Each structure stands twice: as structure tokens, then as C-alpha cells.
Amino acid sequence: MRIFLPILALVVLCFVIQGCNSPGCYSPENDFVKTDSLFLGFFIGMPQKDFFDHCTELNSQKMITQGPGGSTSVEHKIKGSFDGDVSMRFYPTFIDKKIYEMPVTYTYESWAPWNKEFSAMALFPKILETYKSIYGDDFKVINHPYQGKVYYKMDGKRRINLF
């Protein structure tokens, strides 16, 4: 019995002092590094200066341009992924000079009231499938009083809302 208690205490101590890389210490909070990415190399928490520097680099590669609305809109053209060319427009909200959120809108470039095949209702399911293939298939649905069905996913410090 005398030897049993010290050995038991040592075993318990070994379980308590696990390294944070061990599977027993895993928690979603440890996954923040993996869940801060957004798209095109942007990420939650990106410093404002880095955002503008990255935009300058993407612009020089002809991946993005200044969108409509002056200096508060970035536009990325998506060609060949959907039934028609799509404009992806975004601009972050900065808090403490870091990206806090990144609202994005998608529109068919050929949209017009008489082109029902290029409406938002036609584009939304395709955008949802694209997001599921990139960020995972486990989006949940809630009914919003103004937006209708909202598909959302939360992982780490990133929350994605699609409506």
C-alpha cells in the first residue's frame, strides 16, 4: 500500500501535465489559427496596413480591382466557376486597426430584372455549395425575420453567415 499511493499520484500527475499538442488537451480554442482564414489570403485579425499591402499585391497580379463606391469596395471577378461571370465585392470592418468582419456580396454581372437565371435566387445555392466545399458541410439554418433563411457556421473565432 505504501508504494501504491506514490505510484498512483505519479500517474495522476502525468495525466494532468499533458502537453497542449497532445490529443487529450485539444479544444476548439486551440484551433483559432486554422479558423481565422477568409479568402484570397485575408484573415480575421489581419492588421489594416497588411490588408492594404495585400490588396496592392493582389491588384498588381490583376486578381482584384477597386470596386464601385470609391475607396471602400474591393472587387474580385470570378469567371468560369458559375453559369456566368460573378462579381465578389468586399471591404472589411476594422476594429483596433485589425479586420473584425468582412461583409461580401456576390452578383452575376449579367443580372437584370428580366434575366431570372442571373438573379440572386439562382446564385445563392451555388455560393452556398462553394462555401460548404471550402469551409465544411456543417452549416446550420435559422429563420431571420428580415433575411429569411440564414445559413451559418461558427468555428473558432470565425463566423460565416450566408443570406
Residue count for segment 56-90, restricted to those that are farther than 17 Å from F124 by Cβ, among the charged types (D, E, K, R) and modelled with pLDDT under 90: 0
Check on K126, touching a strand residue (DSSP E or B) at 6+ places or on another chain (Cβ under 9 Å), basic (K, R), open to solvent by 90 Å² or more (accessible area, probe 1.4 Å) and in contact (Cβ under 8 Å) with a residue 12 or more places away in the chain: no
Count of segment 53-66 residues which are part of a loop (DSSP other than H, G, I, E, B) and open to solvent by 30 Å² or more (accessible area, probe 1.4 Å): 3
Residue within segment 129-148 that is at pLDDT below 95, open to solvent by less than 90 Å² (accessible area, probe 1.4 Å) and touching a helix residue (DSSP H, G or I) at 6+ places or on another chain (Cβ under 8 Å) present: no
Single match in G69, G45, G41 (criterion: of a type outside the set (K, R) and either more than 20 Å from the chain's Cα centre (by Cα) or buried (at least 17 other Cβ atoms within 10 Å of the Cβ) (or both)): G69
Test result for I64, within 15 Å of G41 (Cα to Cα) and touching a strand residue (DSSP E or B) at 6+ places or on another chain (Cβ under 7 Å): yes
Near pairs, Cβ below 7 angstrom, 6+ apart or cross-chain, from segment 87-104 (under 16 Å from P47 (Cα atoms)) to any residue that is aliphatic (A, V, I, L, M): Y91/V74; P92/I99; P92/M102; K98/M46; I99/I44; I99/M46; M102/L38
Subset of segment 105-120 (residues that are exposed (fewer than 14 other Cβ atoms within 10 Å of the Cβ) and either touching a residue at least 60 places away in the same chain (Cβ under 8 Å) or under 30 Å from K157 (Cβ atoms) (or both)): T105, A120
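The values are calculated or read from the model by the stated rules, or taken from the named source; none is laboratory data. Everything numeric here is computed off the predicted structure, so don't read it as measured data. In this analysis, Cβ positions are derived from the backbone assuming ideal geometry, glycine residues included, and neighbour counts consider all displayed protein chains. Ligands, DNA and RNA are excluded from the accessible area calculation, which covers all protein heavy atoms including side chains. Shrake-Rupley method; radii C 1.70, N 1.55, O 1.52, S 1.80 Å.
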